[in-house]
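Remarks on the structure that follows.
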């Protein structure tokens, strides 16, 4: 058991290393890096200043040296210094982590709560009204632009009905998080409804469910004792994968709702050409995703004994 | 109490597809006495498994019961309500399935899967039920049952899993056990052990057996009476001894000739095992007349046009062939 | 999963057909020029007889801009999916076929792509390349090839184990010829399904990036950039936000339905798995 856990955690390391290398390559090697970007904005920069900046940032060092430097810095938790504020990037990112996590988890809770429930009841009565309704809802949810959906929610519930605040973090309470979480969660919700339905239908046709019926169980017991857990194994996998796209979409939704998370910091930094901050944000998002995926893997191990013992 | 334990009368099972409705099983009748072992034999696809499922009330779309009566202990059960079926299944009629690999829930310890029976049918609480599950495992001769009850199905061998299935099926001492190819998926060496165990336990509990198999030899060993099914119909039914000594239907003869026999090689020389040529017709393409006629060596014109009726044989036997004899 | 009787294929086909027709015929069916016909006298007119979807703050006709926006959305969708399919199939075929260190490298790359949320990756590329249609196509065309890569690789491996590839090699066929004649036809169905569904995803990503101001920039009429402009006027002129969003929704819905329908026809294995 412990070995399995250790192996899952060890799996993260090479991926993270590759991501770091990729980010370094993207931002340090490709042309059009930040200094030329700065002058692009219509300001002329004194060549002397430019020279000083290049020196300061070590841009004239050979590539391997720069890479080694970058890796050592990242490994020691130093994500560089912001161009704009001259603060360490970690100081910028720090206060953003909690709001981002809160939003992503609130969205996922909504997605799991609604999606899994809909998919589950749809599968129990295939072809019924609830089935048709859920599946039409699911394909629509998958086709929605999450920020547009958020904009419509904002218009209806914040501006017209004035039930909820339209944007911002507020005091961090529930009212502010509802709209962004629903907007962000609608995509994964739709996908979860579909996969849950397929998973439950799959399990309902399994041999061991026939065995359960032959034991004289009521259909309700068959479902609660035997179907639910087996379907959950399939659903958990999807939940893990969905966190990735959720974090991508969070960037846009955070920006729309002026949510003070890592995503909106990333977008702002892109516009300010604050490349160290952008890199830091990407690294942070990837790290989140890897950690969550590892947790999901472990949840999987906890549910499925076939993995636990193999 | 009088009369047989189970009487199936003129059973019809329909297969509904979008295009048409077919009779997957037709005019099937048989009786099983209390404590008797009865065999149902045929190639795969002949309707024996769905006949068994109909006795459990477990037919699911696209299959459905379209006619006939199923009588358990003088009581018609074919139209039983959902709640009535629930009290019959597991408690009075139990079933063992072919695939021990997939017939057990992979995420649930086997002990719990046995214990469920006591909770469902005897109102036991879980602690009590787990103790009795351990006893049940001991009865089916699983070594160190106190450890095995916590095992998951994937940790057990195929033979052990089938023992667990037997423990589940016999947990409530049912009156009838339906065994659908219980040993087909197992190693040959394990097969005999499982069959012996099943026969022994059923004899001890007075449980009747409906044994379903494609293996006529296995069934004849275990059962007093045997029915042979072909393409949805019973084509011959006799005592096991009689069917081996004097098979009346060409299909039964074919099944017997295709069995390998120990010790006969020396007498007859190196004779090939005989197979029945051709395959079981698909349900949508049953031939007219006798359904066996395209594969029959003794076929004549009447076989192609007229469906043969039942001819009674001595000792409650029957055969469905124009040229029986 | 699917609506009854293959109707998802038909509804999807019709929706996508409308979008494609609008994109092709945009200069003919437009009412005014989508960029140049700004007229402040007509600013923010609600939907009505003259302007079916209303006008924006510069007095431009929303309907005409949406029709032209279809061109950008579909171009981005189609071109980026062609890029993704080409990259994915090439990497997947060669990795499965040659194996060895190349296979390890490609598997590593695929895992890497899955570890970075694709919208974040695209955002990073847009940040480096700057806004514009070309950057958009690159950003979206380089970031979601992992599915087609996996399918191509799996198919090669399964054909290899069935001995097809070896038989072809004994017959003296070259590697490339084997890949294209033996492997590719077998994965065409799933690939088309993936590309169709991926197009929907690319259109959503384009809208998101343009909405952030990193994709197509005003005054050019991309659905995402229209929404970006419309956001500030959501209280005074909500129709500015409603119609471009609906256009995105219906087009992507069409592609998703079409993909589902095609899956049932072209990729029957997964159909049976779901049934």
For the range B:143-164, what are the residues that are touching a residue at least 24 places away in the same chain (Cβ under 8 Å) and closer than 22 Å to residue B:204 by Cα?
-> B:159, B:161, B:162, B:163, B:164
Residue A:286 being within 10 Å of chain C (Cβ to nearest Cβ), touching a helix residue (DSSP H, G or I) at 6+ places or on another chain (Cβ under 9 Å) and surrounded by 22 or more Cβ atoms within 10 Å (Cβ to Cβ) | yes
The range A:211-310: helices (runs of 4 or more DSSP H) wholly inside it with 2 or more residues that are within 30 Å of residue B:83 (Cβ to Cβ) are A:228-256
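So that you can scan it fast, the table gives a plain yes or no per residue for (1) within 25 Å of residue C:92 (Cα to Cα); (2) within 14 Å of chain A (Cβ to nearest Cβ); (3) crowded, with 24+ Cβ neighbours inside 10 Å; (4) modelled with pLDDT under 85:
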{"residue": "C:195", "(1), (2), (3), (4)": "yes, no, no, no"}
{"residue": "C:207", "(1), (2), (3), (4)": "no, yes, yes, no"}
{"residue": "C:210", "(1), (2), (3), (4)": "no, yes, yes, no"}
{"residue": "C:218", "(1), (2), (3), (4)": "no, no, no, yes"}
{"residue": "C:223", "(1), (2), (3), (4)": "no, yes, yes, no"}
Test result for residue A:292, closer than 23 Å to residue A:122 by Cα and more than 8 Å from every other protein chain (Cβ to nearest Cβ) | no
Restricting the search to the range B:174-189, which residues are away from chain A (no Cβ under 12 Å) and at pLDDT below 90?
-> B:181, B:182, B:183, B:184, B:186, B:187, B:188, B:189
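One line per residue, one yes/no per condition, for (1) touching a residue at least 12 places away in the same chain (Cβ under 8 Å); (2) under 22 Å from residue A:239 (Cβ atoms); (3) in contact with a strand residue (DSSP E or B) (Cβ under 7 Å, 6 or more places away or on another chain):
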site: A:155; (1), (2), (3): no, no, no
site: A:159; (1), (2), (3): no, no, no
site: A:171; (1), (2), (3): no, no, no
site: A:190; (1), (2), (3): yes, yes, no
site: A:200; (1), (2), (3): yes, yes, no
site: A:209; (1), (2), (3): yes, no, no
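Conditions (1) modelled with pLDDT of 85 or more; (2) surrounded by fewer than 24 Cβ atoms within 10 Å (Cβ to Cβ); (3) within 14 Å of chain C (Cβ to nearest Cβ), marked per residue:
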residue	(1), (2), (3)
A:240	no, yes, yes
A:278	yes, no, yes
A:299	no, yes, no
A:303	no, yes, no
A:310	no, yes, no
Name every residue in the range A:2-57 that is at pLDDT 65 or above and on the phi > 0 side of the Ramachandran plot, in order of residue number.
-> none
Just one listed residue, out of C:119, C:123, is out of contact with any helix residue (DSSP H, G or I) (no Cβ under 6 Å at 6 or more places or on another chain) and surrounded by 24 or more Cβ atoms within 10 Å (Cβ to Cβ), and it is C:123
Quick check: is even one residue across the range C:142-154 within 21 Å of the chain's Cα centre (by Cα), within 18 Å of residue A:249 (Cα to Cα) and buried (at least 18 other Cβ atoms within 10 Å of the Cβ)?
-> yes
Does residue C:32 count as closer than 20 Å to residue C:246 by Cα and surrounded by 13 or more Cβ atoms within 10 Å (Cβ to Cβ)?
-> no
Could you figure out which of (1) at pLDDT below 90; (2) buried (at least 20 other Cβ atoms within 10 Å of the Cβ); (3) more than 9 Å from chain C (Cβ to nearest Cβ); (4) farther than 28 Å from residue A:266 by Cβ isn't true of residue A:141?
-> (4)
Mind checking which pairs have a first residue in the range B:66-85 that is farther than 20 Å from residue B:25 by Cα and a second that is buried (at least 17 other Cβ atoms within 10 Å of the Cβ), Cβ under 6 Å, 6 or more apart or different chains?
-> B:85/B:57
Restrict the check to the range A:151-174 and report whether at least one residue is in a helix (DSSP H, G or I), under 21 Å from residue C:238 (Cβ atoms), under 22 Å from the mean Cα position of the chain (by Cα) and away from chain C (no Cβ under 14 Å).
-> no
Just wondering, is there one or more residues in the range A:244-256 that are over 14 Å from the mean Cα position of the chain (by Cα) and either closer than 29 Å to residue A:286 by Cα or more than 10 Å from every other protein chain (Cβ to nearest Cβ) (or both)?
-> yes
Restricting the range A:186-218 to residues that are within 14 Å of chain B (Cβ to nearest Cβ) and under 13 Å from residue A:121 (Cα atoms), the one farthest from the chain's Cα centre (by Cα) turns out to be A:204
Please work out which one of (1) free of Cβ contacts under 8 Å to residues at least 60 places away in the same chain; (2) assigned to a helix (DSSP H, G or I); (3) surrounded by fewer than 19 Cβ atoms within 10 Å (Cβ to Cβ); (4) within 14 Å of chain A (Cβ to nearest Cβ) is the condition residue C:235 fails and give its number.
-> (2)
Scanning the range C:86-106 for residues that are surrounded by fewer than 20 Cβ atoms within 10 Å (Cβ to Cβ) and under 11 Å from residue C:157 (Cβ atoms), the one farthest from the other protein chains (Cβ to nearest Cβ) turns out to be C:99
Looking only at helices (runs of 4 or more DSSP H) that fall completely inside the range B:229-325, which ones have 2 or more residues that are over 30 Å from residue B:14 (Cβ atoms) and at pLDDT 75 or above?
-> B:240-245, B:250-257
Out of the residues in the range A:114-130 that are in a helix (DSSP H, G or I) and free of Cβ contacts under 8 Å to residues at least 60 places away in the same chain, state the one that is nearest to residue A:222 (Cα to Cα).
-> A:121
Pick from C:109, C:123, C:114: which is within 14 Å of chain A (Cβ to nearest Cβ), closer than 24 Å to residue A:293 by Cβ, assigned to a helix (DSSP H, G or I) and in contact (Cβ under 8 Å) with a residue 40 or more places away in the chain?
-> C:123
Kindly indicate whether any position in the range B:77-92 is in contact with a helix residue (DSSP H, G or I) (Cβ under 7 Å, 6 or more places away or on another chain) and crowded, with 21+ Cβ neighbours inside 10 Å.
-> yes
Only one of (1) under 30 Å from residue B:108 (Cα atoms); (2) without any contact (Cβ under 8 Å) to a residue 40 or more places away in the chain does not apply to residue A:229, and that is (2)
Residue by residue through the range B:94-121, note down the ones that are over 20 Å from residue A:307 (Cα atoms), more than 7 Å from chain A (Cβ to nearest Cβ), surrounded by fewer than 24 Cβ atoms within 10 Å (Cβ to Cβ) and touching a residue at least 12 places away in the same chain (Cβ under 8 Å).
-> B:98, B:118
What is the number of the single condition among (1) under 21 Å from the mean Cα position of the chain (by Cα); (2) at the interface with chain A (Cβ under 10 Å from one of its Cβ atoms); (3) surrounded by 20 or more Cβ atoms within 10 Å (Cβ to Cβ) that residue C:258 does not meet?
-> (2)
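The values are calculated or read from the model by the stated rules, or taken from the named source; none is laboratory data. If you're wondering where the values come from, they're calculated on a predicted model, not measured in any experiment. Here Cβ is always computed from backbone atoms with ideal geometry, including for glycine, and neighbour counts include all displayed protein chains.
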